[in-house]
Structure formats: structure tokens, C-alpha cells
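Here's the structure, in C-alpha cells; my notes come after.
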Amino acid sequence: MIFNILVLMPFFASAFYGLSYVFMERTLGVHLNPTTFLFFNTLAEVIAIMLLIHVQGEHLDIRSATSSWPIFLMVIAAATLPIGGWVLTIYSIRHLSALYTALAETSYPLFTLAFGFLIFGIRQFNMTTFLGGALILVGAGIMVYGKNQAEGHE
């Protein structure tokens, strides 16, 4: 049996996010405002699209994204919702810390599971995913409690 290296891609993505959060914490509010950061983030995304087109020979397929209203609406939602997430992440890093923000964001698999179930009826959970989700909730609760205690809140 050959090891599938693709299963490591989410971990590499997490490393990239973690590194970017540390850089954001050092620059946001000190050297950059969130709007300026979002501008550079968008510029980097445009460059990445151009590289994908050039290196992998991919093309923009607008027709498939607009083939039906449900597909089009899902594409729009999938493309715009992360912007709200990024804005909240940026302000969280700016006002809390990169570490607190990253730890709190570990709760997003729970939202993925809940929204997948509520919107599409996806039932990709079993006892291990339930236990993993419970651990995430407990960890998030401990983190929020500890943050409030450190700041003198009840």
C-alpha cells in the first residue's frame, strides 16, 4: 500500500495559514490597516489565478458556474462567504492575537458538518467524528473561559 501524500495537503494549508497569521499579527494595526491587507490579499489571489492558468493550462469556465441558478448561487456563496470570514479573522488577529484566532477557528469543522447536514442532508459523521467534534467544543470552551479569566471577566 502506497502512502497518499494528498492527505497531507490540509496540514500544509494549515501551516501556510499559521505563518500568515503570525505575519498579520505583526503588521495589522501597526503598519497596515485591514483594508490595505485585503487589497494585497486580493492582488495575490489574482496572481495565483494567472499562474494556474499559465502553469497548469487551466482556463476560466464561466459557463459551468452559471449553468443553473442553484449552481450559480452556490458558486456565489462559496466565493463570497470566505471574504466575511477573512474580515472577521483579520479583526480577530488585530484585537485578540494570532494564536487565539487560530485556536478558535478550529471549531469550523463543526460548522461544516452542521451546515452540510442542514442544507444538503450530508451525513458524513460517525462515532469518531462525533467524539472529535466534542473534543473541539470542549477545547474551544476551555480557551474562551481561560481568555475571559485572564482578562478579569466572569
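Each value in this text was obtained by applying a stated rule to the coordinates, not by laboratory testing. Not measured: the values here are computed from a predicted model. When we count neighbours, we look across all protein chains shown, and the Cβ atoms used for this are built from the backbone with ideal geometry, even at glycine.
Some points to look at:
- Dipole magnitude of the chain about its Cα centre (Cβ charges: Lys, Arg +1; Asp, Glu -1), debye to nearest 20: 100 debye
- Counting every C-alpha pair in region 99-154, the share spaced more than 12 angstrom apart comes to 70%.
- Positive dipole terminus of the chain, leading residue within 83, 72, 119 (C-beta point charges): 119
- For region 41-49, backbone phi angles converted through the Karplus equation (6.51, -1.76, 1.60; θ = phi - 60°) give residue-by-residue couplings of 5, 5, 4, 5, 5, 5, 4, 4, 4 Hz, Gly and Pro being listed as x.
- Cα gyration tensor, region 59-149 - rounded (a/c under 1.5), prolate or oblate: oblate
- Neighbour counts of C-beta atoms inside 10 Å place 123, 94 in the sequence 123, 94, starting with the fewest.
- From the largest down, the chain spans 55, 46, 40 angstrom on the principal axes of its Cα atoms.
- Viscosity 0.692 mPa s, temperature 37 °C, Stokes-Einstein D of region 15-95 from Kirkwood C-alpha radius, µm²/s: 222 µm²/s
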